[in-house]
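A quick write-up on the structure given underneath.
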Amino acid sequence: MTDTPQQPLLIVEDEMFIRMIAADALEDRGFSIIEAGDAREALEILERSSEIALIFTDINMPGDLDGLDLAEEVTKRWPHIEIIVTSGGVRLDSAEVPDSGKFLPKPYATDQLVKLVQEQLARRDAGSPTDHR
């Protein structure tokens, strides 16, 4: 795929099987994937790597931060990163996702995920410079 970004995507999901399915679907389309099992692990990864292009995070996760908390923190600290949140228990309108992010309800088809990732990255690339700092 010629338009695949060089920057990796971060998948944040505590259910390993669901995380693996999403990662495999995106890797099959040529994306580089980094995985995290919760929001704290995701923040540690983000602090070490400023190269992440997009995070795809579940809302409901164990620990003191959920996916929406993570999305808020990413918006504050790394505004150049695109955000997609998902949940099977919570329903949001995409307008409720920080930083013009998108909401993808579970269960989702992997083709829906891939399409939404491609749309978010295309929006970012067409919009403004990738580094807003």
- prompt: Any chance the stretch 60-70 includes a residue that's in contact with an Asp or Glu (Cβ under 8 Å, 6 or more places away or on another chain), under 21 Å from Gln7 (Cα atoms) and not small (Gly, Ala, Ser)?
  reply: no
query: Within the bounds of the stretch 105-123, is there any residue that is of a type in the set (A, V, I, L, M, F, W, C) and outside any helix (DSSP H, G or I)?
result: yes
field: Lone unmet requirement of (1) more than 18 Å from Arg19 (Cβ to Cβ); (2) in a helix (DSSP H, G or I) for Leu92
entry: (2)
query: Residues Ile45, Ile83: which one is in contact (Cβ under 8 Å) with a residue 24 or more places away in the chain and not in a helix (DSSP H, G or I)?
result: Ile83
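Let me confirm something: among Thr75, Thr57, which residue is touching a residue at least 24 places away in the same chain (Cβ under 8 Å), in a helix (DSSP H, G or I) and of a type in the set (S, T, N, Q)?
Thr75
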- request: Working carefully through the options Pro107, Pro79, Pro98, find the one that is out of contact with any Leu (no Cβ under 6 Å at 6 or more places or on another chain) and within 15 Å of Leu9 (Cα to Cα).
  value: Pro79
message: Return the residues of the stretch 60-72 that are among the acidic types (Asp, Glu) and not in a helix (DSSP H, G or I); say none if nothing qualifies.
response: Asp64, Asp66
task: Looking for whichever is farther than 15 Å from Ala36 by Cα, surrounded by 13 or more Cβ atoms within 10 Å (Cβ to Cβ) and at pLDDT 95 or above here; the options are Leu104, Leu92, Leu70, Leu65. Which one fits?
output: Leu104
- line: Residue hits (the stretch 38-52; of a type in the set (Gly, Ala, Ser), out of contact with any strand residue (DSSP E or B) (no Cβ under 6 Å at 6 or more places or on another chain) and crowded, with 17+ Cβ neighbours inside 10 Å) are Ala39
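Among the hydroxyl-bearing types (Ser, Thr, Tyr) and in contact with a strand residue (DSSP E or B) (Cβ under 6 Å, 6 or more places away or on another chain), is that true of Thr57?
Answer is yes for this residue.
So in the stretch 38-73, with the set limited to residues that are touching a Leu at 6+ places or on another chain (Cβ under 9 Å) and of a type in the set (S, T, N, Q), which one is farthest from Glu96 (Cα to Cα)?
The residue in question is Ser49.
The values are calculated or read from the model by the stated rules, or taken from the named source; none is laboratory data. Bear in mind the structure is a predicted one, so any value in this text is a computation, not a measurement. Glycine also receives a Cβ, built like all others from the backbone with ideal geometry; neighbour counts cover every protein chain displayed.
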